[in-house]
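Notes follow the structure.
The values are calculated or read from the model by the stated rules, or taken from the named source; none is laboratory data. Nothing here was measured: the structure is a model prediction, and the numbers come from that model. For neighbour counting, all protein chains shown are included, and Cβ atoms are generated from backbone atoms with ideal geometry for every residue, glycine included. Only protein heavy atoms, including side chains, enter the accessible area calculation; ligands, DNA and RNA are left aside. Shrake-Rupley method; radii C 1.70, N 1.55, O 1.52, S 1.80 Å.
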Amino acid sequence: MKLDNATVLVTGANRGLGLEFARQALARGARKVYAGARDPASVTLAGVTPVQLDVTDARSVAAAARELGDVDLVINNAGIAHFQQVLADGVEDSLRAMLETNVFGILGMSRAFAPVLGRNGGGAILNVLSVASWISSPALAAYGVSKSAAWGLTNAVRNELREQGTQVLALHVGFIDTDLTRDISMPKLAPSTVVDRGYAALEAGADEVMIDELTQAVKAGLSSVPGIYTEVRRNNA
């Protein structure tokens with residue numbers, strides 16, 4: 001998948017990492033960039049086409065797929081995070097909300113746009129995941145459950161779309177310097193670094209990319225004995 005002359009749709013593109021995905025797509029020569037947001041008026045980046053898109057609303061997703069028939073790269077960036085342990089009071093509602101966006105949002109977008117990508121030669125899907133797909137910390141335990149599910153979903157979608165030639169890239173990363181992590185006192189990567197490395201992996205034909213050293217170390221530790229995922233982690237993203 002090459003960004004040059006591509007038509008790109010980014011979900012959650014009005015700020016943070018999504019905004020940077022849209023910005024760098026233009027810089028890399030994309031023919032058109034659709035910037036999806038619940039409120040298209042919140043998209044202010046010059047050169048993109050704002051699109052009303054709520055990934056938790058099936059009608060909104062279906063309408064976008066009907067209207068944006070020229071898309072050949074979908075970036076599933078939209079996501080939410082609640083800082084909560086899995087046995088905390090009220091976690092059910094919190095976890096359902098995260099699953100609705102972080103998992104079913106990706107599923108809905110993948111199902112709606114798979115035919116579009118197939119008609120356009122295959123194209124690609126890039127899913128923004130997390131090192132929390134593999135390890136758990138108390139503050140982000142419930143969030144990690146949703147990201148683990150999103151990782152499994154990404155692998156399943158990749159297998160099902162392989163025959164039509166659609167590349168599916170899982171992007172795993174630690175803390176990113178966005179509004180989501182404003183109150184976390186940990187080293188953070190600049191969104192520009194994450195997107196640059198993510199696009200490089202996409203254009204190299206990768207199925208999965210570990211953006212930072214933390215994520216690379218955690219991925220390597222999945223096969224250790226005991227597995228790194230059995231350890232108590234103080235922080236992850």
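State, as an integer percentage, the relative contact order of the chain based on alpha-carbon contacts under 8 Å between residues 6 or more apart. Each step should come with its number before you reach the end.
Working: 468 pairs, mean separation 45.3, N = 237.
Across the chain, relative contact order equals 19 percent.
Distance between the modelled labels on L45 and R31, one decimal in nanometres: 1.9 nm (7 Å Cα→Cβ projection). Lys/Arg Cβ at +1, Asp/Glu Cβ at -1, dipole of the chain taken about the Cα centre: which of P50, A13, S133 is farthest positive-ward? Result: P50, furthest along the dipole toward the positive end.
Ranked from largest to smallest solvent-accessible area, with a 1.4 Å probe on the protein heavy atoms, L99, L3 come out as L99, L3. I211 sits with roughly 10 Å² accessible to a 1.4 Å probe, with DNA, RNA and ligands left out of the calculation. In order along segment 70-79, the Karplus-derived 3J(HN,Hα) couplings, from 6.51 cos²θ - 1.76 cosθ + 1.60 at θ = phi - 60°, round to 9, 5, 10, 9, 10, 10, 7, 9, 4, x Hz, and Gly and Pro are given as x. Accessible surface computed residue by residue for segment 7-230, with neighbouring protein chains in place and a 1.4 Å probe, gives 44 Å² per residue.
Within the accessible surface of the chain, defined with a 1.4 Å probe on protein heavy atoms only, the carbon and sulfur portion equals 51 percent. Residues considered: L26, L222, L53. Largest GNM mean-square fluctuation over the chain, using C-alpha springs under 10 Å, is found at L222.
Per-residue ellipticity at 222 nm computed for the chain from its helices equals -12500 deg cm²/dmol, with DSSP H segments shorter than 4 residues left out and the rest contributing -39,500 (n - 2.57).
For R119 and E203, compute 0.36 nm times the residue count separating them, minus their Cα-Cα distance, and round to one decimal in nm.
Values: separation 84, 0.36 × 84 = 30.24 nm, distance 2.01 nm.
28.2 nm is the gain from fully extending R119 to E203.
The fraction of Cα-Cα pairs per 5 angstrom bin, counted from 0 for the chain, comes to 1, 7, 15, 19, 21, 17, 11, 6, 3, 0, 0 percent, rounded to whole percents.
Residues within the reach of a label modelled at E163 (point 7 angstrom out along Cα to beta-carbon, backbone nitrogen below 15 Å), restricted to segment 89-128, are 115, 118-119.
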